[in-house]
Every structure is written in C-alpha cells, then in structure tokens.
1. Please give, to one decimal in nm, the separation of the simple spin-label points placed at residue 249 and residue 421, each 7 Å out from Cα toward the Cβ.
2. So, R0 is 60 Å and r is the distance between the beta-carbons of residue 140 and residue 413; what FRET efficiency does that work out to, to 0.05?
3. Check cross-link reach from residue 391 to the lysines: straight Cα distance under 27 Å, and skip same-chain residues fewer than eight apart.
4. In the range 38-111, which GluC sites (Glu not before Pro) are in a loop and have at most 11 other Cβ atoms within 10 Å, using DSSP for the loop call?
5. Between residue 282 and residue 228, what is 0.36 nm times their sequence separation minus the Cα-Cα distance? Round to one decimal in nm.
6. Select from the range 241-309 those chymotrypsin sites (Phe, Trp or Tyr not before Pro) which occupy a DSSP coil region and have at most 12 other Cβ atoms within 10 Å, ordered by residue number.
7. Where does each of 386, 156 land when they are ranked from fewest to most other beta-carbon atoms within 10 angstrom?
8. Per DSSP H run of n ≥ 4, the term is -39500 (n - 2.57); total these for the chain, divide by its residue number, and report the mean residue ellipticity at 222 nm rounded to 500 deg cm²/dmol.
Amino acid sequence: MKRLAIIGAGYVGLVTSACFAELGNKVTCVDVDAAKIQKLQRGEIPFYEPQLAEIVQRNAGAERLAFTTDLAAAVRACEVIFIAVGTPMRADGHVDLSAVRAVARSIGEALNGPKVVVSKSTVPVETGEQISAIIREHAVEQHPVAVVSNPEFLREGSAVSDFLHPDRIVVGIEDSEAELVMRQLYAPLDAPLVITDVRTSEMIKYAANAFLATKISFINELANICEHVGVDIKLVGRGIGYDQRIGTQFLSPGIGYGGSCFPKDVRALEQLAVEHDYPAPLLHAVEMVNRRQVERTAARLERELGGLRHKTIGVLGLAFKPNTDDLREAPAIALIRRLLDRGAAVRAHDPIANAPARALLGNDVAFCEDMYETARGSHALVLATEWNEFKSFDFVRARPTMAGDLVFDGRNVFDPEVVNAAGLRYLGIGRERRRRGVRTTS
Ligand SMILES: NC(=O)c1ccc[n+]([C@@H]2O[C@H](COP(=O)([O-])OP(=O)(O)OC[C@H]3O[C@@H](n4cnc5c(N)ncnc54)[C@H](O)[C@@H]3O)[C@@H](O)[C@H]2O)c1
C-alpha cells in the first residue's frame, strides 16, 4: 500500500485515482476546481465514463480514496505524486504547460521529504527536466525528488478497463529507487513494463497517438480515393487488415478523428519537430487530411441535397466517439458548425452528450430526445458517432417522417441494402460505386 496524491481529477486523473485505490493504495485526488471536488465528495462523477462511478464510490466508501482542493496537504502526506492535469493546445499549436508548471511549483513549495513525482499528463520531450527544475527552484526544503514520465494510454469510453488491463506500461525513469516504487505500484496489473529514460517515455506517448492518427487519416484518404474509383473501402480495410503488419484496428474511415488527444498531440509533435528545424511533412499531412474530412462531408451533403439553405439535417451522435460525453474537438460539432454556416437547420441527438452540446452550440441546434425524433423532418440523416443504439436504426419506421431521403453514414455502420430497401438513398465514406460511368450510391 502506498500513499498517492493524484493532481487533476479529469478523465485521466480520476480514473488513475480510482484504479490505484482499487489496487489497495491510499489515494488523495486533488483538483483546483472546487465545484468538481465537491461533486466527487458527494459521490457524483463529473463526466460520463463506464464503470467509473461504481469504482469511485466503492473506494471512497472504503476510505482508500479522498478528494480535496488542498494540494499542499496532499503533497506533504504522500510519497508518490502523479501530475494528471490538462495540457491543452494553444492557438499556435504549442502545448499549454501552464497547469503542469503551476503544479510543479506547488509541489516544490510543499516539499517536506523525498518524493517520486510522476507525470501522467501528455507533455513534450524535455518537460520532465523542466518539472525537476521548477520543483528545485521553489523547494522550501531540499529533498531528493525523482521525476518520472508515465504516459497514459487509456481510451475514454473504456478507461477503467484500459487502466486495469493495459497492453503495456511505459515508465521513463532515471532513479533506481523510484523505479522500484513504480514497479511495485504496477505489479498487480501484470502488464509488460517498458522502462526507458524520461525523454524517450515522453516521446513514446506522442509516437503512439501520432501513429494512430496517421492510420485514421490514411484510411480516410484511401476511402476518398475509393469513392472515385468504384471500390468499397470496407472490403479494402478487411483485405489489408488481416495482414498482421497492418492490423485490423483503426481501419474504419469516418468524418475525422477528434477528442482531447489526437488533434493536439499530432500538432504538438509537429511543432516540436519544426522547432528543431525538421518540418515533419507526414504529420502535417495527417492533420490536413483530418481537417478536410469534415469539410468534405459538408460539401458532399451540400452537393447531394442541391444546397443546404432551408434544408434540415438530422445528426446522430455528438461526442467524439461512443461511450463518452467528451465533445473536445468532436468532428460532429465541427460538421454541425459548417452546416449551420451554410444555412442548414440542424436537429441532433446524442445518448449522453446532448447537455454539454447544448452548452456549446446553444439554440442554433434543435436537440432531440431520441434518434427517430432527430430523423423527423430531416432532408438528410447523418450518422456522426457510432453509438451502438444507432446501429439498429429502423429506417422503415423513420422514412415516412423524414422530409428527404438521404442517409449519410459517416462511420460506415449501416447496411446500404437495408437503407435502400426502406426507400432511402445511402451515402457512406468510400462506399460509392461507379459502374460504366454511371454513379450510384447503393
Ligand atoms: N482524456 C484522455 O483520453 C487522455 C488519455 C491519455 C492521456 N491524456 C492526457 O492526460 C492529461 C489530462 O487529460 P484529461 O483528459 O484528464 O484532462 P481534463 O481536462 O479532463 O482534466 C484535467 C483536470 O486538471 C485540473 N487542473 C488544472 N490545473 C490544475 C492545477 N493547477 N491543480 C490541480 N488541478 C488542476 C482541471 O481542473 C481538470 O479537472 C492531458 O495531458 C492529456 O493529454 C488524456
């Protein structure tokens, strides 16, 4: 059992806190957001994440997990301190490290003994060294502090399970005693441990996200080409995915990647390269393909509907992916903004993200209680996020209530034949067929 302070009660910090408590440690989770901490103290979870409420409540009940805004007290009471605060993208594409720096300063000011300080936030190469320097600079007492990089690879929507059953754990560390602490902490998970120096570990996180984003932009680009040459991308994806060097995951085209990580991490890695006089053309292209994918979707809808002015578009799914209410960089939101800009009316539904989306988009969008309400009066129905419940959409039921006949499957989850059989036109990503010069969308 170790005493851990985890700074940041967001997706990463709260999941890390709850899971380390579940593994038997005594965890204090700290956040500057007093309202968030009060909610957590009442047993409420500030965002949607499957399994999280149960595990937080169980461990809080067992007094292994507590919440506070008092960072200094938590630092003084704990031997291991995790930094899990946000590292958002600044307007210029650089990483905003102000929260990480503020936490490092507070750790220094509260330093009362030897500590292991672990960065779980995604931070550019060299940040570990900066954290060390800031702690030293502000330390009221001098004590040994080992700064460790331990990037997080959990996915929102399956974060608890990902944390407890990781593919691997990466630890960047240059101190043998701290290495022992980290090995002990993660021993119960029985996962492969990749031990590196701090800089390498920081780079591994960016490399992982940049690679996954590249795979998505690659399949999106291929899908766009398939549309022109009458080939179904789904079959192409299967045909290449069984090759173990390629792998089946992340080969489904869509309207672009989003979320709090891929867009900012690709940008940050590109910025890092540019700062070191390497222009990183591949990363630049990955990002450009992604940005164009939403634009392309809006343009295809406009073309198919003969203009968007006075047209109603029903959008299914708003979160950046299923099983989360996170709207950060969600392509559905970017698409809706483009549709509104071009004069369309938008109806939308997400199983859990309607409320945060309303806060973002306001009254410009009609938020609907369910998917059939969304289809009602729509000239086109767009699937933007592939929540499971959308996959069994009953097109026969929806057809008579719709104002038009277009179904735009932004995640290629519907069967074109089922859609066509209901008297609707199907348009997917990379699934159009051209036969002898005649284009059909079935
Ligand atoms: N969300 C993911 O899926 C994910 C996955 C892997 C890695 N990451 C990385 O983990 C980090 C955290 O991401 P997140 O999604 O949990 O962020 P988040 O925005 O959900 O949460 C960050 C939390 O930190 C708090 N905070 C900010 N400044 C603070 C301070 N000075 N002291 C205490 N608390 C402070 C905020 O109030 C917020 O609650 C980022 O670097 C992100 O790139 C995120």
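All of the numbers you see were taken from the coordinates with simple rules; none came from a lab. Remember, predicted model here, so these are calculated numbers, not experimental data. Note that each Cβ is placed from the backbone with ideal geometry, even for glycine, and that neighbours are counted across all protein chains shown.
1. 3.3
2. Details: r = 57 Å, r/R0 = 0.95.
Calculated value: 0.60.
3. Those lysines meeting the cut-off are 215, 234, 311, 321.
4. Details: sites: 44, 54, 63, 79, 109; in loops: 44, 63, 79.
Answer in residue order: 63.
5. Working: separation 54, 0.36 × 54 = 19.44 nm, distance 2.33 nm.
Gain on extension, residue 282 to residue 228, equals 17.1 nm.
6. Details: sites: 242, 250, 257; in loops: 242, 250, 257.
Listed in order of number, the matching sites are 242.
7. On the way: 386 19, 156 25.
Going from sparsest to densest Cβ surroundings: 386, 156.
8. On the way: 17 runs with 193 residues, N = 442.
Value at 222 nm, helices only, nearest 500: -13500 deg cm²/dmol.
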